[in-house]
Amino acid sequence: MLRLIAQKLALGVMTLFAASVLIFAGTEVLPGDLASAILQNNATPETLAETRKELGLDRPAVVRYVEWLGNVAHGDFGHSLANKRDVVEELAPRVRNTLFLALYAAIIAVPLAVGLGLAAAIRQGSIFDRIVNVVTLMTISVPEYFLAYLLVKFTAIDNGWFPPLANVTDESSLVERLYLTFLPMLTLVLVIVAHMMRMTRASVLAIMASPYIEMAILKGVRKWRIVVKHAFPNALAPIISVIALNLAYLIVGVVVVEAVFVYPGLGQLMVDAVSKHDVPVVQACGLIFAAAFILLNMSADILAIMSNPRLRHPR
Amino acid sequence: MSARSSDGDILVVDDLRIDVVGDRGKGPCLVDNVSFALKRGEVLGLIGESGAGKSTIGLAALGYTRLGCSITGGQIVFKGKDIRRMSAEERRMLRGSGVAYIAQSAAASFNPAHTIMEQVCEVPVRHGIMSSEKARAEAVQLFRELDLPNPETFGSRYPHQVSGGQLQRAMAAMAMAARPDILVFDEPTTALDVTTQVEVLASFRKLIREHGTAALYITHDLAVVAQIADRIMVLRRGKMIELGNAGQILLSPREEYTRRLVAERVSGHSFLPEQQGEPPLLTVDRVSASYAQLVKVIDNVSLTLSRGDTLAVVGESGSGKSTLARVIIGLLPRESGDIKFRSESLTPRLADRNKDKLRRIQMIYQMPDVALNPRQTLYDVIGRPVRFYFNRTDAQVRARVHELLRQIDLPESFASRHPGELSGGQKQRVSIARALAAEPDLIICDEVTSALDQLVGEEILRLLKRLQDELRVAYLFITHDLGTVRRIANKVAVMRKGQLVAGGDTATVFAPPYHPYTELLLSSVPEMRRDWLDEVLAKRKAAPAGAALRPA
């Protein structure tokens, strides 16, 4: 099993490496380079060439890539072009905000989804099962910004239960943050619960057709115990991988929700940076997103391996 | 309640009827008008082919029917109470503690995610019969009674960590854990090797005798049920054919169907004549092969066979018999040694062989369901090799397919059917026709009758024999069923752990003096005599012939 896990780790590192190449290449082929972005309207062929030389942009791309990667490995992402600040300083609060919201949504959504999935499996075909299925299907079918605006209309504007904008600052306390980010969290929860819940239900029900489940029935084991104790542990692998995909979405794919609630997260920062040709920030954001995605999926693979008793307890 | 019931009866089934009930009303009837009474401590054998309704009746004793089936009539009275009228909760409590079930495949019936001990203790603890500590102590005691190795620590293992025979016994411990009044054994030794079957059967018998538990013992093998049952009920297509004391059923069956079942087990002890003066068709010369260059699975095996020969390759699961077929076919390239076919060396890899060589060796598989493409008609299935090897016109292909269908005793009109519309035996016939379509010299038959019912398998064997007489084709016949070997094979190769332990003419190999392993295998094939199991066990105790060869 350790060998399998080591393989997954190595594969993860290699994927991250490949992602860094793609990100660098991507920013490289974007029209206009760093020099033209800095000079903007003052760009003449002469000043461009000079600035390029200053920035070292006249050197081959491979050399610059290696240099960039080396710096990144030391935690140096360069300086933002928009405000000349250190990219790490610029990003740190945004990363914290994004992770905070992701964690907030995950802590609520994952247990809720798995619980609902198990409950639906236990009562397969019942009214409860159908309602849960239809409702979650609806929340996943509606575009997330629409869902967000609906929530804002009903809970913030009409009733004033929650603030419509999640404008947290560095000074906000934890309780304040939880309150301010409640609506974006709820939007995200509604978006991701359906997928995880349906996968939990489907994998558990697939296992319910196994001979050892029939054996459990013939042993007189209660229905809930059959689902939770006999089916669920064997259904973990696909559930874990879907959870990982959804957690990755919480970090990487929430830019629309951030925009609706004006939440200062990483996604918004990246969109701003792209429109401003702020290449170092774009690269840093890209790398962080890639790393989060790879890390989560790698963890899912490793957990799935560990959930297999044949690998955990070899003969 | 039935008039036949008396005080000693623990289970009375009266006029039981079980139907398939689909969305569109009633489907076929699975069990019809079946009645019997089971006394305390009595073992009733239920015997019949697949589709006879044995398992359905066994499960009904637990108040359970498989998806889509429903008990539609009659009574199932356990300790004076009709199971059909019980509440769902009463039925749940009955299962495991009143009536317990032992399934065919322990490997599939144990939950892979939990230890054996957790699963054995689940019923007594969850049903509130014993404390956790008491249940564990009892489980260890049961492991000991069932001759499981290291009973103290056996339970801490996961199902995949123990052998098939051990797991089957662990399942008996699981069923016995809450001291039920009745055990339902559903083909519990069918998936085991013969040598393992003897030991497991003996353990089961000891267990039910010592605990005085009543049992329904379901099997298709009369010889197995002969060793363990007091009474036997013969079933066919959901109806009771005959019910009587074991001795009466085995020695003087009243019904024609029972007579045929008994005869199938007893018949055929004459050996086939030797082939004379034929040049060898296939020569396997000191061949070795391994998986991933690591695990040696075929170790220095040599054998020959000629046109018209049937060479049976026998051995237990894992002995390398099917792997040997893969090596000859070229799916697993050999590492050393040589394989000659018609005096020419065959390349180790299948991909390097020319069309003619491919054509001359064909294969028939164990599971016709898996080996036939369900979306192709029989015309496509059988016509494909005709087209591929012989380049015929459509009309010629059609004529040839019809001819082949006639040869396997299927009507020509079947050509337009799909495999799904055929019975298991008919599908296996189609597999045979597909192999014959290539006009091969050698057909490798890999456990071709194992997935079929006895009488159907018997017909397949007869068909193969007739085709051999007509076409002079040679068979390499892989089987674990030693009973069939004597009837169909003039040569035999006994394999164990990838090595050939004995080989030659069947008459020589299967007659004294035996190789110890051959003797162990032969002595493990159940016989119809009711004292057979006692004899075997006594003999093994006295003279541990090949004791080292026996599985744990």
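The values are calculated or read from the model by the stated rules, or taken from the named source; none is laboratory data. Keep in mind it's a predicted model, so treat the numbers as computed, not measured. Because the Cβ atoms are built from the backbone with ideal geometry, glycine has one as well, and the counts that use them run over all protein chains shown.
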Open item on the list: Quick check on B:Ala106: is it under 26 Å from B:His220 (Cβ atoms), within 8 Å of chain A (Cβ to nearest Cβ) and not β-branched (Val, Ile, Thr)?
Closed with: no
Task: Members of segment A:134-147 found to be modelled with pLDDT of 90 or more and in contact with a helix residue (DSSP H, G or I) (Cβ under 9 Å, 6 or more places away or on another chain), listed by number - done: A:Val135
Open item on the list: Looking only at segment B:173-190, count every residue that is within 12 Å of chain A (Cβ to nearest Cβ), surrounded by fewer than 24 Cβ atoms within 10 Å (Cβ to Cβ) and either β-branched (Val, Ile, Thr) or in a loop (DSSP other than H, G, I, E, B) (or both) and tell me the total.
Closed with: 1
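Just checking, which of B:Ser450, B:Ser431 is closer than 19 Å to B:Asp409 by Cβ and polar (S, T, N, Q)? Even if it seems obvious, please write down each step before you answer.
On the way: B:Ser450 fails: closer than 19 Å to B:Asp409 by Cβ.
Just one listed residue meets the conditions, B:Ser431.
Can you tell me which of B:Arg66, B:Arg17, B:Arg95, B:Arg84 is within 10 Å of chain A (Cβ to nearest Cβ) and surrounded by fewer than 21 Cβ atoms within 10 Å (Cβ to Cβ)? Steps first, please.
Values: B:Arg17 fails: within 10 Å of chain A (Cβ to nearest Cβ); B:Arg95 fails: surrounded by fewer than 21 Cβ atoms within 10 Å (Cβ to Cβ); B:Arg84 fails: within 10 Å of chain A (Cβ to nearest Cβ).
Selected residue: B:Arg66, the only one of B:Arg66, B:Arg17, B:Arg95, B:Arg84 that is within 10 Å of chain A (Cβ to nearest Cβ) and surrounded by fewer than 21 Cβ atoms within 10 Å (Cβ to Cβ).
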Open item on the list: Show me the helices (runs of 4 or more DSSP H) entirely contained within segment A:179-287 in which 1 or more residues are buried (at least 22 other Cβ atoms within 10 Å of the Cβ), away from every other protein chain (no Cβ under 14 Å) and of a type outside the set (Gly, Ala, Ser).
Closed with: A:182-207, A:236-252, A:255-261, A:266-275
Open item on the list: If I filter segment A:34-67 down to residues being under 15 Å from A:His79 (Cα atoms) and not hydrophobic (A, V, I, L, M, F, W, C), which single residue comes out as modelled with the highest pLDDT?
Closed with: A:Glu67
TODO: Sort out which residues of segment B:58-79 are at pLDDT 90 or above, in a loop (DSSP other than H, G, I, E, B) and not aliphatic (A, V, I, L, M), and write them in order of number.
DONE: B:Gly63, B:Tyr64, B:Thr65, B:Lys79
TODO: Of the numbered conditions (1) surrounded by 17 or more Cβ atoms within 10 Å (Cβ to Cβ); (2) out of contact with any helix residue (DSSP H, G or I) (no Cβ under 8 Å at 6 or more places or on another chain); (3) not hydroxyl-bearing (Ser, Thr, Tyr), B:Ala103 fails exactly one; give the number of that condition.
DONE: (2)
Task: Complete set of residues in segment B:109-132 that are away from chain A (no Cβ under 11 Å) and among the hydroxyl-bearing types (Ser, Thr, Tyr) - done: B:Ser131, B:Ser132
- [ ] Quick one: which residue in B:Arg254, B:Arg209 is in a loop (DSSP other than H, G, I, E, B) and without any contact (Cβ under 8 Å) to a residue 24 or more places away in the chain?
- [x] B:Arg254
